[in-house]
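> Handing you a structure now.
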Amino acid sequence: MRLSRYFLPVLKETPAEAQIVSHRLMLRAGMIRQASAGIYSWLPLGYTVLRNIERIVHEEQQRAGAIPVLMPTIQSADLWRESGRYDAYGPEMLRIRDRHDRDMLYGPTNEEQITEIFRAAASSYRDVPRMLYHIQWKFRDEIRPRFGVMRGREFLMKDGYSFDVDRAAAEVSYNKMMVSYLCTFERLGLQAVPMQAESGPIGGDLAHEFLVLADTGESEVFLDRAMVDMALGDTPVDYEDAAGLAEIRRRWTAPYARTDDTHDQAAFEAAVAEGDRMVRRGIEVGHIFYFGTKYAEPLGATIVTHEGERVPIHGGSYGIGVSRLVGALIEANHDDKGIIWPESVTPFAVGLVNLKQGDGVCDGACADLETQLAAAGLSVLYDDRDERAGAKFATMELIGLPWRLTVGPRGLKAGTVELASRRSGEVIELAPQDAVARLAEIYRGV
RNA sequence: CGGGGUGUGGCGCAGCCUGGUAGCGCGUCGGUUUUGGGUACCGAAGGUCGUGGGUUCGAAUCCCGCCGCCCCGACCA
């Protein structure tokens, strides 16, 4: 993509309304534009990142055995009356009336809908376990939307649902999702710590929130230092191995890690040595919980067991805030110059800066690089504007491309271009074809 | 919903107290400059001053209503 033909409305000055760094940088980098309070348009750069995150979530969900569907944003109130939540949900639910005066709503979540879909098709223990999920826009009429896409009213969420014959089986599904979440966040380059969450009406410990540590987080969190650099790394993940999944969950939930909702200071002090106690702030990016038969019972979603007994389906619900993750990623990856995208979500693999636009040799070298990068399957944003070098570098830094190729007459005389890392600042000079090979190597398997 | 702010070209702001018909910086456009970290100069375009009403010879400015947006609190991916 050539910048002269792209749509990238970057801002030199910081918009006054943006209070936190991710919001400021998203506006400045031309990723989003506010439509009204808590509602945003996604501009090309932001939309690309959003889709990249979506893609990773899709891949990891399906790897864990979840099956993609797509449910509507607008729902009928009838189902919600059946579950009893139409009245329970409160003003946060956007209620709409259609031309026939029927009560509709813009879905804040989809438990009712998915349960209705599943109950119509499932009749026996042979129909479970199943996990269905979708990535769809939600609307919650927050009292006070703020922080850009971190707390919007309209937001993109992955919500998944598991269906099992009993609690023990549901726990296996739960573990699959927990591990899937660990894999997902790790691929996104985020350290998201699973924390004991309020377990709701069912009890037990099958409820966790995943929090990214960041000073601008909305929740206060208490955790054992051991959680901070825990990583799956090369740990093999086999979603068919229930015992292995349970072991991963055990390991990741052993150290103390709780939000202020569930925090118990005495337990914290008993479990963690003073020097390892961390009190920080966190951004909630995921939430998994087992809700038992909460929806299956009122909605009559039942299956017949192997023994011939009709039982309500045991369900679980698993959310990832996809649009929020864009903000969380920036909160976790930025410096005073701008964003620093992880390779897994960057909108372009590399930025290309031509230091002498209009010079035949430089222009030609850049065009060659474009071709070679495309052949290697690498996306490139080529700043071909007639601009000063400093302005070009600053733009690349602001929008956070992790790698930058710089082409100038000085280097070309020696047959080299510069490859610079946004994260480390390191700059190396090498032949153009070697730079492409190096980038291909970096992005292999990302 | 309670408390505190704010609304003036695309962005950031001044002007408002003390009414006289709108200004600055950035950006944009046309030139010159051909640039190794936001270059300089010349020229230009662009504004129903959120909105409705009132006071006045005259309102961005004073008064009243409404709306939008932001911040602080209780809820949430």
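Read the figures in this text as sums done on the coordinates, not as results from a lab. Computed from a predicted model, the values in this text were never measured in an experiment. Don't worry about glycine lacking a Cβ; one is built from the backbone with ideal geometry, like all the others, and counts go over all protein chains shown.
> Can you list which of the trypsin sites (Lys or Arg not before Pro) found in the stretch A:1-105 are DSSP loop residues with at most 14 other C-beta atoms within 10 Å?
Within the stretch A:1-105, the qualifying trypsin sites (Lys or Arg not before Pro) (loop, at most 14 other Cβ atoms within 10 Å) are A:Lys12, A:Arg99, A:Arg102.
> Summing -39500 (n - 2.57) over the DSSP H runs of n ≥ 4 in chain A and dividing by its residue number, what mean residue ellipticity at 222 nm do you reach, to the nearest 500 deg cm²/dmol?
The per-residue figure over chain A is -10000 deg cm²/dmol.
> I would also like to ask the following. Output the 0 to 90 degree angle, nearest 10, between the alpha-carbon long axis of helix A:322-332 and the longest principal axis computed from the alpha carbons of chain A.
50 degrees
> Normalising by the residue count of the stretch A:205-323, find the relative contact order in percent from Cα pairs under 8 Å and 6+ residues apart.
36 percent
> So which GluC sites (Glu not before Pro) in the stretch A:5-76 are both in a DSSP loop and have at most 16 other Cβ atoms within 10 Å of their Cβ?
A:Glu13, A:Glu17
> Now for a different question. If I take the Cα coordinates of chain A and project them onto the principal axes, what are the three extents in Å, biggest first?
Principal-axis extents of chain A (Cα, largest first): 80, 59, 42 Å.
> Can you return the lysines within cross-link range of A:Lys12? Criterion is Cα-Cα under 22 Å, with same-chain partners fewer than 8 residues away left out.
Straight-line reach from A:Lys12, under 22 Å: A:Lys337, A:Lys392.
> Against the longest principal axis of chain A, how steep is helix A:432-443, in degrees 0 to 90 to the nearest 10, with axes from Cα atoms?
That works out to roughly 10 degrees.
> Which of the lysines could a cross-linker bridge to A:Lys294, judged by Cα under 29 Å and excluding same-chain residues fewer than eight apart?
Correct list for A:Lys294: A:Lys138, A:Lys158, A:Lys176.
> What per residue convex hull volume, in Å³, comes out for the stretch A:101-211 when only alpha-carbon positions are used? Write out the running numbers ahead of the final one.
Working: hull volume 17.3 nm³, N = 111.
Dividing the Cα hull volume of the stretch A:101-211 by its residues yields 156 Å³.
> Right, next: For labels at A:Lys356 and A:Arg51 in the simple 7 Å Cα→Cβ model, what's the distance in nm?
Distance between the two pseudo-spin positions: 3.7 nm.
> Explain nothing, just the number: relative contact order of chain A, from Cα pairs under 8 Å at least 6 residues apart, as a whole percent.
Relative contact order of chain A: 17 percent.
> Still on this structure: So how much slack lies between A:Val311 and A:Tyr89, counting 0.36 nm per residue of separation and subtracting their Cα-Cα distance, in nm?
Extending this stretch completely gives an extra 77.2 nm.
> Hey, another quick one. Return one number: the angle in degrees, 0 to 90 and rounded to the nearest 10, between the long axis of the Cα atoms of helix A:111-121 and the longest principal axis of the Cα atoms of chain A.
Between helix and principal axis, roughly 70 degrees.
> Tell me, what is the percent relative contact order of the stretch A:304-446, built from C-alpha pairs under 8 Å that lie six or more residues apart?
24 percent
> Distance from the Cα centre of the stretch A:384-416 to that of the stretch A:149-163, in angstrom?
Cα centroid of the stretch A:384-416 versus Cα centroid of the stretch A:149-163: 38 Å apart.
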